[in-house]
Amino acid sequence: MISVFSKGKKLHSIIYNLCPRCHNGKFWSKDNPYLNVFSKSNNNLEKCDKCNLKYEIEPGFWYGAMYVSYALGVGTMLLLWMLIELLILDLKIHELVLAIVFFIVLFSPFFYFYSRLIWINFFVNYEIKK
Ligand SMILES: [Zn+2]
């Protein structure tokens with residue numbers, strides 16, 4: 001069955017941490033965003049070990065991932081704010097801000113991990129190996 005998560009779809013590469021071109025090699029050395037941040041080299045791999053795609057397409061390529069990270073962060077903030085407003089009605093504004101900041105810091109390795117995967121998937125398409 002073909003779904004948005006099937007091999008060949010961009011979500012497959014993003015969710016399973018795979019090279020955007022071949023969907024076989026890894027993008028980050030570890031699948032867990034938190035383990036990558038605390039590992040010796042907290043950057044993604046230099047190139048795909050299966051198809052040799054150089055991940056940093058040009059110098060400064062990863063700066064663009066900051067925009068994706070920003071969007072993920074703002075989306076999470078809005079979601080948290082709505083959840084908190086729905087669940088706890090009598091939270092003061094400084095408590096609300098503190099709770100949101102706490103979760104943003106907690107999720108930051110997650111944003112870093114997925115922002116690069118999403119960013120490279122804007123520019124590199126899946127290619128079937130001949
Ligand atoms: Zn590859």
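FYI, it's all coordinate maths here, none of it is from the lab. Remember, it's a predicted structure, so these values are computed and weren't measured experimentally. Glycine also receives a Cβ, built like all others from the backbone with ideal geometry; neighbour counts cover every protein chain displayed.
Roughly how big is the chain's charge dipole about its Cα centre, with Cβ charges of +1 (Lys, Arg) and -1 (Asp, Glu), in debye to the nearest 20?
Details: 14 positive and 9 negative charges, 158 e Å.
Computed charge dipole of the chain: roughly 760 debye.
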The set of residues whose placed amide H lies less than 5 Å from the amide H of LYS47, leaving out same-chain residues fewer than 5 positions away, is TYR55
Of the candidates PRO20, ASN52, PHE107, the farthest towards the positive dipole end of the chain (Lys/Arg Cβ +1, Asp/Glu Cβ -1, centred on the Cα centre) is ASN52
For the chain, take the longest principal axis of its alpha carbons; what is the angle in degrees between that and the long axis of helix 93-123, to the nearest 10 within 0 to 90? 10 degrees
From the phi angles alone, apply the Karplus equation (6.51, -1.76, 1.60; θ = phi - 60°) to the stretch 40-45 and give each ³J(HN,Hα) in whole Hz, x where the residue is Gly or Pro. 4, 9, 8, 9, 5, 4
Just the Cα atoms of the stretch 67-106, one point each, no solvent: what log10 I(q)/I(0) does Debye give at q = 0.20, 0.26, 0.29 Å⁻¹? -0.57, -0.86, -1.00
Relative contact order as a percentage, the stretch 10-123, C-alpha pairs under 8 Å and 6+ apart, gives 31 percent
Against the longest alpha carbon principal axis of the chain, how many degrees, from 0 to 90 and to the nearest 10, is the axis of helix 65-87 turned? 40 degrees
On each of the three principal axes of the Cα atoms of the stretch 45-122, give max minus min coordinate, whole Å, ordered largest first. 54, 22, 18
Please find, in a Gaussian network model of the chain (springs between Cα atoms separated by less than 10 Å), the residue of GLY25, GLY64, GLY73 whose mean-square fluctuation is greatest. GLY64
Computed over the Cα atoms, what is the radius of gyration of the chain divided by 2.2 N^0.38 Å, N being its residue count? 1.23
Helical mean residue ellipticity (222 nm; -39500 (n - 2.57) per DSSP H run of 4+; nearest 500) of the chain: -16500 deg cm²/dmol
If you split all Cα-Cα distances of the stretch 21-85 into 10 Å bins from zero, what percentages do you get per bin, shortest first? 18, 34, 33, 12, 2
Starting from the amide H of LEU18, placed 1.01 Å from N in the peptide plane, find each other amide H under 5 Å away whose residue is 5 or more places distant or on another chain. PHE27
